[in-house]
Amino acid sequence: MRGLVRGRGVRTTVPAGDGGRRAADLLQRRFGTSAPNLAWVTDFTYVATWAGFGYVAFAVDLYSRAIVGWSAGTVKNVAFVEACLAMALWRRDHTGRPVPPGMIHHSDAGSQYTSIRFTETLTVQGLSASIGSVGDAYDNAVAESVIGLYKNEAIAAGSPFRDGPLRTLADVETVTMDYVDWYNNHRLHSRLDNLTPEEYEQAYYAQPTGPPPGDAANKKTA
């Protein structure tokens, strides 16, 4: 038995230039909410394959820590992160848990998330953009933590989600799909009273009248 060690990796966040304005940080490191779909955090990471680097993006709900959306690609462009958002919105709609107008979408200051195109996409979807400061991982700590779990539990050599080497992006997609299903429906989280993200959300929606949404970012921390 040995512990999993997180090593240094490829730089994925390229900050935008100083010429334009970007959204404010609406979370201010308050990484808890009183209900689902009040705030999501998002980020992406790299995965090495025989065919070259691939990239995987995630969107995570701050209430349940559920991975609500993900995408994989060979290019880390705006379309790549938009695909993650599109999956998250689609999944919420098709599980009867639609996103309300004004939900916070929080990311780091990477150029993909600060671009005019992505900002307009958030506006069209009725979401409130939130962006952390440049070069500070703590401003997006929950997304960083989920990605760390994904890299150690799904992508690392010896992972039970892998049946061999990651040859192409298709292999990464298969591993990611299986991992997200397990993470949301089977992985117990101590922060959620040892429930899975899905069980935690079901308990919320099973209440006769859900607790008032309150502030989108309360005082709970990651």
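The values are calculated or read from the model by the stated rules, or taken from the named source; none is laboratory data. The structure presented is a predicted model; accordingly, all values stated were derived computationally and were not measured. In this analysis, Cβ positions are derived from the backbone assuming ideal geometry, glycine residues included, and neighbour counts consider all displayed protein chains.
Assorted remarks:
- Among the candidates Tyr179, Tyr138, the residue that is modelled with pLDDT under 95 and among the aromatic types (Phe, Trp, Tyr) is uniquely Tyr138.
- Between Phe53, Phe80, the distinction of being in a helix (DSSP H, G or I) and surrounded by fewer than 24 Cβ atoms within 10 Å (Cβ to Cβ) belongs to Phe80 only.
- Selection count, region 134-171, where residues are under 30 Å from Arg22 (Cβ atoms) and among the basic types (Lys, Arg): 1
- Close pairs (7 angstrom Cβ cut-off, 6 or more residues apart or separate chains): in contact (Cβ under 8 Å) with a residue 12 or more places away in the chain and more than 14 Å from Gly52 (Cα to Cα) in region 159-182, among the charged types (D, E, K, R) and part of a loop (DSSP other than H, G, I, E, B) anywhere: Val175/Arg162
- Residue match in region 143-151 (condition: closer than 22 Å to Leu26 by Cα and free of Cβ contacts under 8 Å to residues at least 12 places away in the same chain): no
- Residues satisfying the stated conditions in region 130-173, i.e. surrounded by fewer than 15 Cβ atoms within 10 Å (Cβ to Cβ), in a helix (DSSP H, G or I) and among the hydroxyl-bearing types (Ser, Thr, Tyr): Tyr138
- Residue count for region 87-111 under the criterion of being surrounded by 15 or more Cβ atoms within 10 Å (Cβ to Cβ), in contact with a helix residue (DSSP H, G or I) (Cβ under 9 Å, 6 or more places away or on another chain) and either modelled with pLDDT of 95 or more or under 30 Å from Tyr205 (Cβ atoms) (or both): the result is 5.
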